[in-house]
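Below you'll find the structure, written out as structure tokens, and then a few comments.
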Amino acid sequence: MRLSFPAALLAGCTAALLLQPAATATPSPAPQRRDVAGGGSTTTLPLPAGAVLAPRGTAPFDLLGLGWDGPADALAGAVVRVRTRDAGTGRWSGWHRLEADAQDGPDRVAHGATAPLWTGRSDGVAVEVRPGPAGVPSGLRLDLVDPGPGAASAGVRTLPAEPPVGPPTPPFGPSGGPSVGPFAGPADGRAPRPRIVTRAGWGADESLRDPELEYTGPVRAVFVHHTATATDYACADAPRVIRAIYQYHVQTSGWRDIGYNFLVDRCGTVYEGRAGGVDQPVHGAHTLGFNTDSSGVAAIGTYVDDRPPRPLLDGLAALAAWKLGLTAQPADGRTTLVSSSDASRYPKGTAVEFDAVSGHRDGFATECPGTALYARLPELRTAAARLQAR
């Protein structure tokens, strides 16, 4: 099934591309392909300064973005546009103007990259870049990601849900508001673990990531994101989206692993993100400046105008209740984190009080996790606290 472009401009957690026309067009550069386990690949097209990447056919891909060798802010002020060709219909999309800087990421970035753009199955691309004040960064390149069918693994594919202590009660009632009724969680504030699809379950190629695992202090906050990808996908296709994001975060952005600690699809299925143990305080790359003592969970889709479906909210609430309950942090409480980056919403060293369940925009100047999902966070906190029996 093809995943369509979201109607919004994919602002917030996701963005991406383009190149400035020159008086004399430069011949199209030769692509370079890197294969991954499970039939996936990343195809790189170098983008020389002053060249235009005219519409051209490519190997099939589902996601794209730009990388470069300079600092992360080297494309600040640039105008970036891209159009792609639908592999099924052969029709070209219109030009999509995209932001030139990524908004997720680790607190220290080795080189620059845009956020990834999910295009659905495509086999052609055109790019334009009108550089910002710093000009065109060196090593500018376009990466086209094909996630493939996924790597085979003998590992555990799914961690089953833990049984509730009391009668099971969905965190959100039929109206979409917080549920009323018996508490499902135990008296000590811990909530049962939801069912989690592991990295083996979504087909991660473990040879891509950094083999060294990195941990932070106890998790005291969960930051909610959206992936700014298509919202009307079949839930069976969610692992494909996750594999594409993983490949891009590692191969293009140069991160240790996928940035998010967890992801949740529109059917409420929870997926393990960054490696290291779902019950461990794995150091993620999701909320610049506040990746320490926190966990990042991404809702798969774009929730600017689209209403988040109730199963998605249920999955987010169950995950937040369990993850925060491991450290006895009330899901409806507040906590203080210290900024580690001047590029965040707050200068480095600033102590900031957050809700235990916060949105990406609370720590970084971004639209993420989308206006529609952000508006549901108060209800989500209440629902998660009920699962903790608070």
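The values are calculated or read from the model by the stated rules, or taken from the named source; none is laboratory data. Note that the structure is predicted; figures quoted are calculated from it, not measured. Here the Cβ is made from the backbone with ideal geometry for all residues, glycine too, and neighbour counts use every protein chain on show.
Could you tell me whether L75 is over 30 Å from R199 (Cβ atoms) and in contact with a Leu (Cβ under 9 Å, 6 or more places away or on another chain)? Step through it out loud before you land on a result.
Values: over 30 Å from R199 (Cβ atoms): yes; in contact with a Leu (Cβ under 9 Å, 6 or more places away or on another chain): yes.
In short, yes.
When the stretch 217-263 is filtered for residues that are modelled with pLDDT of 95 or more, in a helix (DSSP H, G or I) and of a type in the set (S, T, N, Q), only Q247 remains.
Keeping to the stretch 305-322, report how many residues are in a loop (DSSP other than H, G, I, E, B) and basic (K, R).
Kept after step one, since they are in a loop (DSSP other than H, G, I, E, B), are these residues of the stretch 305-322: 305-309.
This time we only want the ones that are basic (K, R), so: 307.
Total meeting the criteria: 1.
Among the conditions (1) in contact with a helix residue (DSSP H, G or I) (Cβ under 9 Å, 6 or more places away or on another chain); (2) at pLDDT 95 or above; (3) more than 21 Å from R195 (Cα to Cα), G325 misses just one, which is (3).
Pairs meeting the criteria (first residue in the stretch 213-233 and without any contact (Cβ under 8 Å) to a residue 24 or more places away in the chain, second residue not in a strand (DSSP E or B), beta carbons under 9 Å, at least 6 apart or on different chains) are lacking.
Selection of strands (runs of 3 or more DSSP E) fully inside the stretch 323-390 by the criterion of at least 1 residues being closer than 17 Å to A285 by Cα returns 334-338, 357-359. Applying the criterion of at least 3 residues that are on the phi < 0 side of the Ramachandran plot, at pLDDT 90 or above and out of contact with any helix residue (DSSP H, G or I) (no Cβ under 7 Å at 6 or more places or on another chain) to the strands (runs of 3 or more DSSP E) found wholly in the stretch 1-115 leaves 32-35, 41-46, 53-68, 79-86. Take the conditions (1) more than 28 Å from P239 (Cα to Cα); (2) under 22 Å from the mean Cα position of the chain (by Cα); (3) of a type in the set (A, V, I, L, M, F, W, C); (4) surrounded by fewer than 23 Cβ atoms within 10 Å (Cβ to Cβ); A372 misses just one of them, which is (1).
Got at least one residue in the stretch 289-304 being among the hydrophobic types (A, V, I, L, M, F, W, C), assigned to a loop (DSSP other than H, G, I, E, B) and closer than 21 Å to A372 by Cα?
First, the residues of the stretch 289-304 that are among the hydrophobic types (A, V, I, L, M, F, W, C): 290, 297-300, 304.
Now narrow it down to the ones that are assigned to a loop (DSSP other than H, G, I, E, B): 290, 300, 304.
Filter again for closer than 21 Å to A372 by Cα, leaving 300, 304.
Within the stretch 289-304 (the criterion being among the hydrophobic types (A, V, I, L, M, F, W, C), assigned to a loop (DSSP other than H, G, I, E, B) and closer than 21 Å to A372 by Cα), the answer is yes, since at least one residue qualifies.
Of the residues T292, T252, T302, the single one that is of a type in the set (S, T, N, Q) and surrounded by fewer than 24 Cβ atoms within 10 Å (Cβ to Cβ) is T292.
Any residue in the stretch 238-254 that is outside the structural domain of G284 (by TED's automatic domain parsing) sitting within a Cβ distance under 6 Å of a residue that is β-branched (V, I, T) and at pLDDT 95 or above? List the pairs, counting only those 6 or more apart or interchain. Short answer, once both residue conditions are applied: none. Residues of the stretch 344-364 being more than 12 Å from V224 (Cβ to Cβ), surrounded by fewer than 24 Cβ atoms within 10 Å (Cβ to Cβ) and in contact (Cβ under 8 Å) with a residue 60 or more places away in the chain, which ones? V352 - this is the single residue of the stretch 344-364 that is more than 12 Å from V224 (Cβ to Cβ), surrounded by fewer than 24 Cβ atoms within 10 Å (Cβ to Cβ) and in contact (Cβ under 8 Å) with a residue 60 or more places away in the chain. Among the candidates G268, G276, the residue that is part of a loop (DSSP other than H, G, I, E, B), under 13 Å from R199 (Cα atoms) and at pLDDT 95 or above is uniquely G276. Applying the criterion of being of a type in the set (A, V, I, L, M, F, W, C) and more than 10 Å from the chain's Cα centre (by Cα) to the residues of the stretch 255-289, the residue that is surrounded by the most Cβ atoms within 10 Å (Cβ to Cβ) is V264.
Residue pairs whose Cβ atoms lie under 9 Å apart, separated by 6 or more positions or on different chains, with the first residue in the stretch 122-140 and over 14 Å from L66 (Cα atoms) and the second surrounded by 22 or more Cβ atoms within 10 Å (Cβ to Cβ) and among the polar types (S, T, N, Q), are S122/T84; D123/T84; G124/T84. Could you pull out the residue among L324, L377 that is surrounded by fewer than 24 Cβ atoms within 10 Å (Cβ to Cβ), under 22 Å from the mean Cα position of the chain (by Cα) and among the hydrophobic types (A, V, I, L, M, F, W, C)? Within the list L324, L377, the selection yields L377. Flag: D210 does not match the condition of being in contact (Cβ under 8 Å) with a residue 24 or more places away in the chain, buried (at least 19 other Cβ atoms within 10 Å of the Cβ) and within 19 Å of G40 (Cα to Cα).
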